[in-house]
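**Student:** There's a structure below that I have some questions on.
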C-alpha cells in the first residue's frame, strides 16, 4: 500500500484560495471612537466573516481584489442602533393582536375593540393592549362595564401601554374566577368599584386573570418574532436587549437561529432566576449564531409604573394621597434573588421606577458589590424617579442607568400630576447620571413606546416632544449633548450588555452592523432628526432590510 504522507504534505503546501474582502464605498460615514469622539470616513472595508477591517478616507487606496463592492453614492452611513431595553415578542404580538396604542379616547378604543371582535369571530379570547387612560383624558381607569358594552359574549383581556395593568371584561373575570371576595396579592392591586372588581388589575394582580388566558403556540411565537424583527430593522436597530425573556421565547429565538432567520442581535435577560437557570444552567450562554444571540442576565422587578400608580414612592402620590405604589419584593427577597443570579455570573437588571424602589435596588447593589467582585455592571432599568440624594450612588459601582428618553417626553405631564413640582429634581435625570459616574444606556422600552431611536435621540438633547414642547425643554438642566445621546444609543448600550467588543460602533474587529439613512443626524435640526428615514440596514456585512 502506498504511503499517504507525500500527498498530505502536498495538500498542506498547496496555496489555499484567499477569500477577498468587501467594500461599502462612496459614503458619508460617521461613527464614534472608543472615547466617544466623532470619526468621519468615506468607505468601509469588511472581512468575509462580516467584521470591519478598516475605515477608509477619500484619498485612501481601495483594495484591488474584492468579493463585492457597493457604491452608496454619497449617502450617510451610521453604526446600527443598540436598544438597551425592549420587549421583542411583545412588539411582534402588538402588531398581530388588537392594538389600542393609537386611540385618543375611550370611545375611539371601544369602536376599535368592537370592529376587531366583529372581524375575528373565531377568536375565543380578544387579546391585545396599548391603552392609556392618560392619553384618553379619561381621569379614571376604564371598567369592565365599558368593555361589556361592546364585547360581552367572550373574554377580553387588554394590557395597558406599559404592561403594568390590564383591563378585563366581565366574561374574562368570570373565566378567571374573580369575584368581590378576590384579594389583591402582594405587589398588585385589584381596582374596585365599591367592593366589586372594576375590571382593571395592576401589576401582580394581573396574574389572577393571566393564568387562564390562552398562551401562544410555538408557530405564533415565531410569527411574532419575525414581525418584531422586521420592525426593529426598519428603524435601524441592529441589536437589542430583550428584557424578561421566557423559556418559550428563547426557544423561538433558537429556532430562528437554527433556520438562519435570525437577523437582529439579541442580548437576552431571562424573566427571573429560574428561567435563567433553565436556559443557561450554571451561567450565561455563549454567543450563538455569529454573535446574534446570548442570554447573559436576569431581569427582576422592584415596582410597577407611574401610569398605573404602581411605582413605589417614598411619599404618597400627589394626585392620590392614599397611595404610594408598592414594592414587589422585600429587601431580603430581592437580595436573595440578586445573589442567586450573581453567584453564577448572570448580570442583574432590576426594573425600578419610583424613588423608593430605586433606593431599595441601590441598597441591594451596595451589599452585593461587597461579595461579588469584578466587572458586574449592575443595571437599573428605567430609573425614572430618583431621590436627588440617591443620584450619586449610581456612580459608586458604575451602576448602569438603563433609561428611555421618550418616556420623559410622553410622561412629563403625568409625572407632574403624580409627583407635584417639588419632587421632580431627580426625574429622568440623564445628565446627573453621567455627572455622577453612572453608565448611561438608552433604549425605547418598545412596545410601550415606538422603537424609533431618532425620536429618543432628539428628546435626549432637547427635553422636548415632537411638538417642540415645552419651550426650552422640560427640566432642561438634565439634557445631554447630541453626541452623548448617540453614544448611549450605540456603544454604551452595547457595553450595558457586555457586548462592546462585538458591536456598537464601527471599528476594526467590530461586527459590520450599520445603516444607510437619508440625512446627516449630526447636522439636522431636532425636527429633521426625528424625520430621519432608514434606507438600508446591514448586519454582519449583510444587507438585511431595504426601504421599499
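**Student:** With an 8 Å Cα cut-off and a minimum separation of 6 or more residues, compute the relative contact order for the range 382-461 in percent.
**Tutor:** This gives 43 percent for the range 382-461.
**Student:** Per-residue counts of other Cβ atoms within 10 Å, averaged by peptide: what ranking do you get for 357-368, 47-58, highest first?
**Tutor:** Working: 357-368: 22.1, 47-58: 16.0.
Ranking, from highest mean packing down: 357-368, 47-58.
**Student:** Fewest first, what order do 308, 330, 324 take by the number of other Cβ atoms within 10 Å? Working shown, then result.
**Tutor:** Values: 308 24, 330 11, 324 17.
The fewest-first ordering by Cβ neighbours comes to 330, 324, 308.
**Student:** If we count other beta carbons within 10 Å of each Cβ, what is the order of 250, 167, fewest first?
**Tutor:** So the ranking, lowest neighbour count to highest, is 250, 167.
**Student:** Over all pairs of distinct alpha carbons, what does the Kirkwood formula give as the hydrodynamic radius of the range 63-153, in Å?
**Tutor:** 17.0
**Student:** Here is a follow-up. Between helix 453-462 and the chain, what is the angle of the helix's C-alpha long axis to the longest principal axis, kept within 0 to 90° and rounded to the nearest 10?
**Tutor:** Compared with the principal axis, the helix lies near 70 degrees.
**Student:** Taking only Cα atoms, what is the 0 to 90° angle, nearest 10, from helix 355-371's long axis to the longest principal axis of the chain?
**Tutor:** Taking Cα atoms only, the helix is inclined about 50 degrees.
**Student:** Can you tell me how the range 481-548 classifies by the Cα gyration tensor, rounded, prolate or oblate, using a/c under 1.5 as the rounded cut?
**Tutor:** oblate
**Student:** If each residue of separation counts as 0.36 nm, what is the full-extension length gain between residue 193 and residue 37 once their alpha-carbon separation is subtracted?
**Tutor:** Residue separation times 0.36 nm, minus the Cα-Cα distance, leaves 50.5 nm.
**Student:** Quick one: grab the alpha carbon gyration tensor of the chain, order the square roots of its eigenvalues as a ≥ b ≥ c, and give me rounded if a/c is under 1.5, else prolate or oblate depending on whether a/b is larger than b/c.
**Tutor:** Here the chain falls in the prolate category.
**Student:** Continuing with the same structure: Which value results when the Cα radius of gyration for the range 185-233 is divided by 2.2 N^0.38 Å?
**Tutor:** 1.67
**Student:** Restricting to the range 20-164, what percent of DSSP beta bridges are antiparallel, rounded to 5?
**Tutor:** 45
**Student:** What percent antiparallel are the DSSP beta bridges of the range 212-360, to the nearest 5?
**Tutor:** Approximately 10 percent, going by the DSSP bridge assignments.
**Student:** If you line up the long axis of helix 218-234 against the longest principal axis of the chain, both from Cα atoms, how many degrees apart are they, to the nearest 10?
**Tutor:** Helix 218-234 sits roughly 70 degrees off the main axis of the chain.
**Student:** Relative contact order for the range 164-276: what is it in percent, counting Cα pairs under 8 Å that are at least 6 residues apart? If you can, show how the numbers build up before the last one.
**Tutor:** Values: 127 pairs, mean separation 23.4, N = 113.
Relative contact order comes out at 21 percent.
**Student:** When the chain is fully extended, how far beyond the present Cα-Cα distance does residue 531 get from residue 219, taking 0.36 nm per residue of separation?
**Tutor:** Once the chain is fully extended between residue 531 and residue 219, it gains 108.8 nm.
**Student:** I want the antiparallel fraction of DSSP beta bridges within the chain, as a percent rounded to 5. The partial results should precede the final answer.
**Tutor:** Working: 38 of 84 bridges.
About 45 percent, rounded to the nearest 5.
**Student:** If you don't mind, another one. Can you grab the distance from the C-alpha centre of the range 395-430 to the C-alpha centre of the range 326-354, Å, no decimals?
**Tutor:** A separation of 21 Å, based on Cα centres.
**Student:** Here is a follow-up. Got the relative contact order for the chain handy, in percent, Cα pairs under 8 Å and 6 or more residues apart?
**Tutor:** Taking the mean separation of contacting Cα pairs over the length of the chain, I get 16 percent.
**Student:** So, in Å, what gap is there between the alpha-carbon centers of the range 456-478 and the range 233-277?
**Tutor:** Here the two parts' Cα centres lie 32 Å apart.
**Student:** Where a ≥ b ≥ c are the square roots of the eigenvalues of the C-alpha gyration tensor, would you call the range 203-300 rounded, which needs a/c under 1.5, or, failing that, prolate if a/b is larger than b/c, or oblate?
**Tutor:** Oblate shape, in that a/c is at least 1.5 and b/c is the bigger or equal ratio.
**Student:** What spacing in nm lies between the two simple spin-label points modelled at residue 290 and residue 520, each 7 Å away from Cα in the Cβ direction?
**Tutor:** In this crude label model, residue 290 to residue 520 measures out at 3.3 nm.
**Student:** So how do 31, 282 line up by other beta-carbon neighbours within 10 Å, fewest first? Write down the numbers at each step before the final one.
**Tutor:** On the way: 31 24, 282 9.
Lowest to highest Cβ neighbour count: 282, 31.
**Student:** Beta carbons within 10 angstrom, averaged per residue: use that to sort the peptides 65-76, 514-525, 394-405, highest first.
**Tutor:** 394-405, 514-525, 65-76
**Student:** If you take the Cα Rg of the range 273-346 and divide it by 2.2 N^0.38 Å, with N the number of residues, what do you get?
**Tutor:** Details: Rg = 17.0 Å, N = 74, 2.2 N^0.38 = 11.3 Å.
The reported ratio for this selection is 1.50.
**Student:** Ok, one more. As a check on your grasp of the helix formula, calculate [θ] at 222 nm for the chain: sum -39500 (n - 2.57) over DSSP H runs of n ≥ 4, divide by the residue count, round to the nearest 500.
**Tutor:** For the chain, the value works out to -9000 deg cm²/dmol.
FYI, it's all coordinate maths here, none of it is from the lab. Note that the coordinates shown come from a computational prediction; the quantities given were computed from them, not determined experimentally. Every residue, glycine as well, gets a Cβ built from its backbone with ideal geometry; the counts of neighbours run over all protein chains shown.
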